[in-house]
Amino acid sequence: MIKEYLKMIVVLTLIAMVCGFLLSAVKTFTYEKIEEQILVNVKGPALTNVLSQSSNNPINDRMEVELEGVAYTVFIGKKDKKLYAVAFESEGSGFGGKIGIMIGIDIEKSVLSGIGILTHQETPGLGSRISETSFTDRFKGKPLTGNFKVKKDSGDIDAISGATNSSRGVCAAVDTGVGIYLKLKAEILKKFEEGSEDK
């Protein structure tokens, strides 16, 4: 009886090990393809919107920049081969959870070139309206010194009616993103110049 139990334990352990190895191999093999699909199909449309004047492909022209131990993927927007804008991800907390955005910043004018909603769990028909251009366009052209809060909180942004907390989440993500950019700006410019010299 004990031998049968031992055999069963050995067989189940081997099966678990083989399955774990196969899952790990599949994940390793498909990781780059999955990341590429996310870049093209999820982040791509947002990048097209926030870096609409770019003459280059921001997905191809991206760089990693580190701030306080956190690595940020920065997408580069060029006009006539010159850096004019950047975009990267930021997040805030909405009514239903985290709201992920793509924030674009026009370096030449020190204004927001736009935002795009990447992920959210907001209420369909209410908070989910943060994804509509009628809301995201409210940020376009705003100076980086702007007050990125809803008007109910003495800010500059009109909240979506019935979805104040969702609107606050987007504002928080934008405010965080602007703060990150101001800290990263010098490093972004330095890396861009170094990359240009290498080409």
(message) Conditions first: (1) farther than 23 Å from Asp61 by Cα; (2) out of contact with any helix residue (DSSP H, G or I) (no Cβ under 9 Å at 6 or more places or on another chain). Gly179 passes all but one, so which condition is the exception?
(response) (1)
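Yes or no, residue by residue, for (1) modelled with pLDDT under 90; (2) in a strand (DSSP E or B); (3) farther than 26 Å from Lys191 by Cα:
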site	(1), (2), (3)
Ala87	no, yes, no
Gly114	no, yes, no
Arg138	no, no, yes
Gly141	no, no, no
(message) Taking the conditions exactly as written (in contact with a strand residue (DSSP E or B) (Cβ under 6 Å, 6 or more places away or on another chain) and modelled with pLDDT under 95), does Lys191 satisfy them or not?
(response) yes
(message) Test of understanding: among Ile105, Ile160, which residue is part of a strand (DSSP E or B) and either without any contact (Cβ under 8 Å) to a residue 24 or more places away in the chain or not small (Gly, Ala, Ser) (or both)?
(response) Ile105
(request) Among the candidates Leu126, Leu112, single out the residue that is in contact with a Phe, Trp or Tyr (Cβ under 9 Å, 6 or more places away or on another chain), under 18 Å from Pro45 (Cα atoms) and in contact (Cβ under 8 Å) with a residue 24 or more places away in the chain. (result) Leu112
(message) If Asn165 satisfies all but one of (1) within 25 Å of Thr73 (Cα to Cα); (2) part of a helix (DSSP H, G or I), what's the number of the condition it fails?
(response) (1)
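The values are calculated or read from the model by the stated rules, or taken from the named source; none is laboratory data. Predicted model only: the values in this text are computed from it and were never measured. For neighbour counting, all protein chains shown are included, and Cβ atoms are generated from backbone atoms with ideal geometry for every residue, glycine included.
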